[in-house]
Amino acid sequence: MKSVRSNNIKRFYTISLSYEKADTKIRGKFSFFPELVESFSVKINLLQDTKIFVLSTCNRTELYTLTENIESVINAFCQEIKVSPDEFKKYITIYKGNEAVTHFLRVSAGLESQILGDFEIISQVKTWFKRFKKYHTTNAFLERLVNTGIQTSKKIKSTTALSNGVTSMSYAAVHYILSNFTQLSDKRITLVGTGKIGKNTCENLLKHIEDPDVTLLNRTISKAEELAEIFNLKVRAYSDLHSQINESDIVIVATGSSKPIINKEDLVTRKPITLIDLSVPANVSVALKEYPHVTVLNVDDLSKIINNTFERRNKEIPKAESVVAEMLEEFSVWDENRKYVPIIHAFKSDLDRIKEYQIKTLKKDQINVSEEETELSDRLVQKITNRLADYLIKNPEKAEDTIGLFKEMFQLQVSKS
């Protein structure tokens with residue numbers, strides 16, 4: 001008789017396309033946008049036994065999937081973003097099983113980020129997971145995985161110094177400005193895009209620059225106005241984007257456009273200007289680098305500058321990796337114990353059926369059953385069920401025989417997990 005084994009981790013894959021193999025231009029080509037979630041979810045829900053969520057940030061696009069057919073998932077994804085699967089495969093790394101879980105936990109903790117210890121990544125993980133959960137492409141395994149990632153991130157931040165100093169692209173941009181400009185209160189700074197990264201950039205600007213001259217622009221002006229009210233900043237209509245840029249000394253772009261919003265022909269000023277592009281795909285045309293008075297920096301440029309100044313953070317990596325290993329073990333134990341869920345559910349359902357039958361019999365005999373007695377019987381059913389679950393978990397070597405015995409004794413119909 002074959003032993004019962006959980007196979008969720010064994011069929012879990014991480015498909016990773018990151019800055020390690022692809023520069024900003026390539027990453028931009030394979031970026032996945034929130035507006036694609038619904039249509040991609042339709043494709044995924046047509047695949048057999050497949051669950052998924054996608055994470056797409058400035059330095060990576062990754063697919064976290066439970067599937068028996070990884071090729072079908074890759075083809076569906078490439079069809080959605082309109083790229084060739086063969087070209088996509090040139091830049092990806094595929095992890096499976098424990099390696100896939102480990103990679104996800106490392107990503108969640110900022111160990112795989114361009115800026116080591118990036119604290120913004122776990123917020124992005126949570127946001128992307130919610131988007132896919134809405135369209136029913138996730139399950140209990142993936143939800144537990146995300147929660148484990150959150151716990152891993154929190155534990156590493158509280159027990160190591162991995163996240164000390166510069167830990168996000170938004171702060172990296174501000175750090176660059178602080179390091180390369182003087183008299184910042186006299187500089188005209190424009191921030192285009194007021195989403196999560198834009199908001200964090202605002203916070204860092206105000207934290208490190210005394211009374212900065214900052215103007216916000218956003219396609220939806222009400223969002224810019226809301227942020228401006230919080231930080232007491234100026235707002236300008238998005239239609240004034242090009243005139244505002246030409247009046248600025250520093251422009252930070254943090255939008256989600258699929259193509260550049262600032263191009264060579266848009267810039268007419270001849271005074272020195274720095275354009276910092278925190279977007280992937282690029283929202284600032286690289287052609288602007290041809291102008292001698294223009295400095296253009298993207299996320300790859302920033303990460304190189306910042307990581308060179310924070311190499312001491314590498315000393316914290318072994319501590320962080322030990323936390324990842326610990327959380328992997330905890331997640332593996334949880335997944336292994338999931339194999340007992342069908343028999344436990346079936347046993348509880350049978351006890352509930354017996355309880356309901358007895359209550360109906362008593363009522364038929366005109367014997368009153370109080371609400372307190374009903375609650376007591378519910379607690380008794382749960383207690384007995386918990387005893388079975390606890391026994392199976394603590395005695396895995398006897399689990400197979402125990403499950404067989406309970407199936408025979410109670411004639412249990414156990415569904416597949």
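The values are calculated or read from the model by the stated rules, or taken from the named source; none is laboratory data. Note that the structure is predicted; figures quoted are calculated from it, not measured. Note: ideal-geometry Cβ built from the backbone for every residue, glycine included; neighbour counts use all protein chains shown.
Observations, loosely collected:
- Test: residue in region 180-187 that is among the hydroxyl-bearing types (Ser, Thr, Tyr), surrounded by fewer than 16 Cβ atoms within 10 Å (Cβ to Cβ) and within 21 Å of GLY256 (Cβ to Cβ): no
- Within region 72-92, considering residues that are touching a Leu at 6+ places or on another chain (Cβ under 8 Å) and hydroxyl-bearing (Ser, Thr, Tyr), the one nearest to THR152 (Cα to Cα): TYR91
- Flag if LYS155 is farther than 21 Å from SER56 by Cβ, in the same structural domain as ARG106 (by TED's automatic domain parsing) and in a helix (DSSP H, G or I): yes
- Hey, LYS133 in contact with a strand residue (DSSP E or B) (Cβ under 8 Å, 6 or more places away or on another chain), surrounded by fewer than 20 Cβ atoms within 10 Å (Cβ to Cβ) and charged (D, E, K, R) or not: yes
- All conditions but one from (1) surrounded by fewer than 23 Cβ atoms within 10 Å (Cβ to Cβ); (2) among the polar types (S, T, N, Q); (3) in contact (Cβ under 8 Å) with a residue 12 or more places away in the chain; (4) within 30 Å of GLU326 (Cα to Cα) apply to SER158; the one that does not is (3).
- Scanning region 221-271 for residues that are under 28 Å from the mean Cα position of the chain (by Cα), surrounded by fewer than 19 Cβ atoms within 10 Å (Cβ to Cβ) and more than 21 Å from ASN200 (Cβ to Cβ) yields SER258, LYS259.
- Of the residues examined, ALA389 is not one that is loosely packed, with under 15 Cβ neighbours inside 10 Å and part of a helix (DSSP H, G or I).
- The set of residues from region 394-413 being under 39 Å from the mean Cα position of the chain (by Cα) and not in a helix (DSSP H, G or I) comprises ASN395, GLN413.
- Within region 370-417, the set of residues being of a type in the set (Ser, Thr, Tyr) and closer than 25 Å to TRP334 by Cβ comprises THR385, TYR391, THR402, SER415, SER417.
- For ILE305, the conditions (1) in contact (Cβ under 8 Å) with a residue 40 or more places away in the chain; (2) loosely packed, with under 15 Cβ neighbours inside 10 Å; (3) not assigned by TED's automatic domain parsing to the domain that holds LEU116 are fulfilled apart from (2).
- Boolean, VAL333 is over 28 Å from THR57 (Cα atoms) and not in a loop (DSSP other than H, G, I, E, B): yes
- Selection status of ILE250, more than 24 Å from PHE30 (Cα to Cα) and of a type outside the set (S, T, N, Q): yes
Yes/no matrix, rows are residues, columns are (1) free of Cβ contacts under 8 Å to residues at least 60 places away in the same chain; (2) assigned to a helix (DSSP H, G or I); (3) among the aliphatic types (A, V, I, L, M); (4) assigned by TED's automatic domain parsing to the domain that holds SER279:
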| site | (1), (2), (3), (4) |
| --- | --- |
| ASN147 | yes, yes, no, no |
| GLN151 | no, yes, no, no |
| THR190 | no, no, no, yes |
| ASN200 | no, yes, no, yes |
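- The numbered conditions (1) farther than 27 Å from SER303 by Cβ; (2) surrounded by 13 or more Cβ atoms within 10 Å (Cβ to Cβ) are all true for LYS82 except (2).
- One residue stands out in region 136-150 among those that are polar (S, T, N, Q) and surrounded by fewer than 16 Cβ atoms within 10 Å (Cβ to Cβ): the one that is nearest to GLU321 (Cα to Cα), namely ASN147.
- Residue list for region 104-124, filter: part of a helix (DSSP H, G or I) and surrounded by fewer than 23 Cβ atoms within 10 Å (Cβ to Cβ): ARG106, ILE122, SER123, GLN124
- So GLU68, is it at pLDDT below 95 and either over 19 Å from the mean Cα position of the chain (by Cα) or at positive phi (or both): yes
- Scan of region 347-371 for residues that are touching a helix residue (DSSP H, G or I) at 6+ places or on another chain (Cβ under 8 Å) and under 30 Å from PHE141 (Cα atoms), ordered by number: PHE347, LYS348, ASP350, LEU351, ASP352
- Within region 317-364, being surrounded by 15 or more Cβ atoms within 10 Å (Cβ to Cβ), of a type in the set (Asp, Glu) and farther than 24 Å from ALA100 by Cβ holds for ASP350, ASP352.
- Pairs linking a residue in region 72-99 that is free of Cβ contacts under 8 Å to residues at least 40 places away in the same chain to a residue that is surrounded by 15 or more Cβ atoms within 10 Å (Cβ to Cβ) and of a type in the set (Val, Ile, Thr), with Cβ atoms under 7 Å and 6 or more positions apart or on different chains, are ALA76/ILE44; PRO85/ILE74.
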